[in-house]
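One structure is given here, and the rest of the page talks about it.
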Amino acid sequence: MSTKNIEELEREFQAKIDADIKIEPNDWMPEGYRKTLMRQISQHAHSEIVGMLPEGNWITRAPSLKRKAVLLAKVQDEAGHGLYLYSAAETLGLDREKSIDDLHSGKAKYSSIFNYPTLTWADMGTIGWLVDGAAIMNQVPLCRCSYGPYARAMVRVCKEESFHQRQGFEIVSLLANGTAEQKQMAQDSLNRFWWPALMMFGPNDDNSPNSAQSIKWKIKRSSNDELRQQFIDVTVTQAEMVGLTIPDKDLKWNEARGSYDFGTINWEEFNQVIQGNGPCNKERIDARRNAKENGAWVREAANAFAEKRKKKELTH
Amino acid sequence: MSSKEWPLWEIFIRSKQGLSHKHVGSLRAADAQMAIDNARDVYTRRSEGISIWVIESKLVTASDPDESAEFFEPSESKIYRHPTFYNVPDGISHM
Ligand SMILES: [Fe+2]
Ligand SMILES: [Fe+2]
């Protein structure tokens, strides 16, 4: 049995992290590390699952069979992402049922972006392009996260995300090069989603008190503001290519920084949405709750079927 | 209403003939057959597999990471088990 005291264990733990040795489920880890990861991974899982709703809204109304098949495949992938992540969180001792109940009671958080409505077909394009695009920016560094199961889940997720972004960008560019009305629809969608997409990277670094510890533990590999800047820098060119205008009059190339300067984010709006007062928070949580309640009979039936199959096997 | 939670299963996938099954993650399902069906949807949506094994997570016995230094020491100290331990004189080939 190990007789090391907590300081020794913590020192050894940090030494492993510093040497880029991954932490695996049964390894000793500080309680703070476990809690931070459980919160982050479960919030991430909830975001994948709630994220199915705004797009699920358009599956029956996709403009062609091809678009419908693509959207269906994308939404199914998001369900898969949620499952990889719940499993990763379970390796830390997360109680999955309880965590889902916390989502349904409003105690657990998920990405603020999914509390905005999807009003037109163009939103399916913009979500893939910007929302999945921002998610990729966030998730690529997480593939190198110090916690093995989370990093491995992220590798799978990132492989699948690139199709999400491309199919979205394809929708946007077709609309942007279509009729005047179609182009207007794409522009309107970009106008509505641009700022919420920037908020996906979280508060400014000065207002992100736990970031330093997460970076020290290599749970996070880049800061919120670094990732946001990176996202803006690549996306502006893409918008220009398809002839759409980023809705920010302060957006300007800064030669000295080699990056775009951009306007101020409405953090008051961000905080309101996080606190549950976004346009669709209630609708999203209601939909999740209904899905769980209305699906109870399916879970029971599966249990009953498993029982029956087991009995049959025993009598053979 | 029954609130019996489905057990957790570890999922192993053979990606192609000639390779061994490899652990890819876990999922919950009511029984082994349903775990296989779910694993197909969760882990092989892009032809990642041609064969799936599932095993209930609670049946896995693992070595203790806290003892791994002592436990794996016998192989650490036997460097003569590796071909690089031996000198092969210049001019000798096919060895
Ligand atoms: Fe996703
Ligand atoms: Fe996605």
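The values are calculated or read from the model by the stated rules, or taken from the named source; none is laboratory data. What you see is a predicted model, and the numbers here were worked out from it, not measured in a lab. Heads up, the Cβs are rebuilt from the backbone with ideal geometry, glycines too, and the neighbour counts pull from every protein chain shown. Surface areas here come from the heavy atoms of the whole protein model, side chains and all, with no ligands, DNA or RNA. Shrake-Rupley method; radii C 1.70, N 1.55, O 1.52, S 1.80 Å.
Rounded to a whole number, what % of the accessible area of chain A do carbon and sulfur atoms account for, probe 1.4 Å?
Details: 8680 of 15590 Å².
That fraction is 56 percent.
Taking springs between alpha-carbon atoms closer than 10 angstrom, which of A:Val50, A:Val70, A:Val298 fluctuates most in the Gaussian network model of chain A?
The residue with the greatest mean-square fluctuation here is A:Val298.
Over chain A, what is the relative contact order in percent, taking alpha-carbon pairs closer than 8 angstrom and at least six residues apart?
After rounding, I find 19 percent.
For the range A:153-222, which GluC sites (Glu not before Pro) pass both filters: DSSP loop (anything but H, G, I, E, B) and at most 10 other C-beta atoms within 10 Å? Walk me through the numbers before you get to the answer.
Values: sites: A:Glu160, A:Glu161, A:Glu170, A:Glu181; in loops: none.
Nothing satisfies the criteria.
Given Cα positions, please report Rg to Rh for chain B, the hydrodynamic radius being the Kirkwood one.
Working: Rg = 21.3 Å, Rh = 17.3 Å.
Ratio of gyration radius to Kirkwood radius: 1.24.
Keeping all protein chains in place and using 1.4 angstrom, which order do A:Ser111, B:Ser63 fall into by accessible surface area, from largest down? Could you put the intermediate results ahead of the total?
Values: A:Ser111 30, B:Ser63 70 Å².
Correct descending sequence by accessible area is B:Ser63, A:Ser111.
Average partner chain C-beta neighbours within 10 Å, per residue of A:298-308? All intermediate terms of the calculation are to be shown ahead of the outcome.
Values: counts 0, 8, 5, 1, 5, 7, 2, 4, 9, 3, 1.
Across A:298-308, the average partner-chain Cβ count within 10 Å equals 4.
Going by a ≥ b ≥ c, the root eigenvalues of the Cα gyration tensor, does the range A:133-259 fall in the rounded group (a/c under 1.5), the prolate group (a/b larger than b/c) or the oblate group?
Verdict is oblate for the range A:133-259.
With a bin width of 10 angstrom, please list the P(r) values of the range A:23-152 as percents of all Cα-Cα pairs, from the 0 bin to the one holding the largest distance.
Values per bin, smallest distances first: 12, 40, 31, 14, 3, 0.
To the nearest 100 Å², how much accessible surface do chains A and B hide from each other in total, with a 1.4 Å probe? The partial results should precede the final answer.
Numbers: alone 16590 and 8190 Å², together 22740 Å².
The buried area between A and B, both sides summed, comes to about 2000 Å².
Can you quote the Å³ per residue value for the convex hull of the Cα atoms in the protein assembly as shown, rounded to an integer? Please list the in-between numbers first.
Details: hull volume 101.7 nm³, N = 411.
Dividing the Cα hull volume of the protein assembly as shown by its residue count gives 248 Å³.
Using alpha-carbon positions, what is the distance between the centroids of the range A:224-283 and the range A:48-81, in Å?
Taking the Cα centre of the range A:48-81 as reference, the centre of the range A:224-283 is 25 Å away.
How much area per residue is accessible in chain A when the probe is 1.4 Å and only protein heavy atoms are counted (Å²)?
Working: 15590 Å² over 316 residues.
With all protein chains present, chain A gives 49 Å² per residue.
What pairs in B:Lys16/B:Lys78; A:Lys4/B:Lys78; A:Lys35/B:Lys58; A:Lys282/B:Lys4; A:Lys16/B:Lys58; A:Lys66/A:Lys159 have C-alpha atoms more than 25 Å from each other?
Working: B:Lys16/B:Lys78 35 Å; A:Lys4/B:Lys78 28 Å; A:Lys35/B:Lys58 23 Å; A:Lys282/B:Lys4 28 Å; A:Lys16/B:Lys58 28 Å; A:Lys66/A:Lys159 22 Å.
Result: B:Lys16/B:Lys78; A:Lys4/B:Lys78; A:Lys282/B:Lys4; A:Lys16/B:Lys58 exceed 25 Å.
Assign unit charges at the C-beta atoms only (+1 for Lys and Arg, -1 for Asp and Glu), then state the dipole size of the protein assembly as shown relative to its Cα centre in Debye, rounded to the nearest 20.
For the protein assembly as shown, the charge dipole is close to 1400 debye.
Over chain B, average the accessible area per residue using a 1.4 Å probe and give it in Å², no decimals.
On the way: 7160 Å² over 95 residues.
Accessible area per residue, chain B: 75 Å².
Against the longest alpha carbon principal axis of chain B, how many degrees, from 0 to 90 and to the nearest 10, is the axis of helix B:32-43 turned?
70 degrees
Okay, helix-only estimate at 222 nm for chain B: each DSSP H run of n ≥ 4 adds -39500 (n - 2.57), divide by all residues, round to 500 deg cm²/dmol; what do you get?
Details: 2 runs with 21 residues, N = 95.
Computed mean residue ellipticity for chain B: -6500 deg cm²/dmol.
Which of the GluC sites (Glu not before Pro) across the range A:212-284 are loop residues per DSSP, with 12 or fewer other Cβ within 10 Å?
Values: sites: A:Glu226, A:Glu240, A:Glu255, A:Glu268, A:Glu269, A:Glu283; in loops: A:Glu255.
Passing sites in the range A:212-284 are A:Glu255.
Based on alpha-carbon positions alone, could you give the equivalent ellipsoid semi-axes of the range A:178-316 from the gyration tensor, as √(5λ), descending, whole Å? Write down the numbers at each step before the final one.
Values: eigenvalues 384, 111, 58 Å².
Each semi-axis is √(5λ); the values are 44, 24, 17 Å.
So, with +1 on the Cβ of K and R and -1 on the Cβ of D and E, and no other charges, what is the size of the charge dipole of the range A:141-190 about its Cα centre, to the nearest 20 debye? Write down the numbers at each step before the final one.
Details: 6 positive and 5 negative charges, 81 e Å.
The dipole of the range A:141-190 has a size of about 380 debye.
Averaged across the residues of B:40-49, what count of C-beta atoms belonging to other chains lies within 10 Å of each residue's C-beta?
Details: counts 0, 4, 9, 4, 0, 5, 6, 0, 2, 0.
What the average comes to for B:40-49 is 3.
Which of A:Val273, A:Val131, A:Val242 moves the most in a Gaussian network model of chain A with Cα springs under 10 Å?
A:Val242
Over the range A:85-238, what is the relative contact order in percent, taking alpha-carbon pairs closer than 8 angstrom and at least six residues apart?
Details: 147 pairs, mean separation 43.1, N = 154.
Relative contact order for the range A:85-238 comes out at 28 percent.
Say we join alpha carbon atoms closer than 10 Å with springs in a Gaussian network model of chain A; which of A:Arg284, A:Arg299, A:Arg152 then has the biggest fluctuation?
Top of the fluctuation ranking is A:Arg299.
Grab the Cα-Cα distance for A:Asp261 and A:Ala73, subtract it from 0.36 nm times how many residues apart they are, and report the gain in nm with one decimal. Please list the in-between numbers first.
Details: separation 188, 0.36 × 188 = 67.68 nm, distance 3.64 nm.
Extending this stretch completely gives an extra 64.0 nm.
For every helix of n ≥ 4 consecutive DSSP H residues, a contribution of -39,500 (n - 2.57) applies; sum these over chain A, divide by its total residues, and give [θ] at 222 nm rounded to the nearest 500 deg cm²/dmol.
Working: 14 runs with 204 residues, N = 316.
Taking each H run of at least 4 residues, the total per residue is -21000 deg cm²/dmol.
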